[in-house]
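The next block holds one structure in the form of structure tokens; read it before the comments.
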Amino acid sequence: MKIFTEQVSRGKALIYDLRAIINDEKRYFIVKILPAKHQAFLQTIDKNSGFRLEDFGQILYRGWDEPEEKIKEILRKQYGMYKKH
């Protein structure tokens, strides 16, 4: 599994945009990581082995390829992600 992440810290929110290729399909997961589990999450990502995102926090959105613009706009407003340049 190949993973790309974009992480945003705003207040106590630890929001990640995870990108993975699973069974030859591009997937994304927008995950809110619990602060108490953040370090364990980072170590697990570094190992790049199988794990359950739900063990580290809440999956806010998931889908194929890339988040829709509607989802990006919500995350832009709530967490400052996906800044337009």
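Overview of results
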{"read-out": "Every pair of residues 6+ apart whose Cβ atoms lie under 7 Å, when the first sits in region 69-85 and is touching a residue at least 40 places away in the same chain (Cβ under 8 Å) while the second is small (Gly, Ala, Ser) and in a loop (DSSP other than H, G, I, E, B)", "value": "none"}
{"read-out": "In region 28-74, the residues that are among the hydrophobic types (A, V, I, L, M, F, W, C) and under 13 Å from Leu18 (Cβ atoms)", "value": "Phe29, Ile30, Val31, Ile33, Phe41, Leu42, Ile45, Phe51, Leu53, Phe56, Ile59, Leu60"}
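Each value in this text was obtained by applying a stated rule to the coordinates, not by laboratory testing. Owing to the predicted nature of the structure, the values given are computational and were not obtained by experimental measurement. All Cβ positions, even for glycine, are placed from backbone atoms using ideal geometry, and neighbour counts span all protein chains on display.
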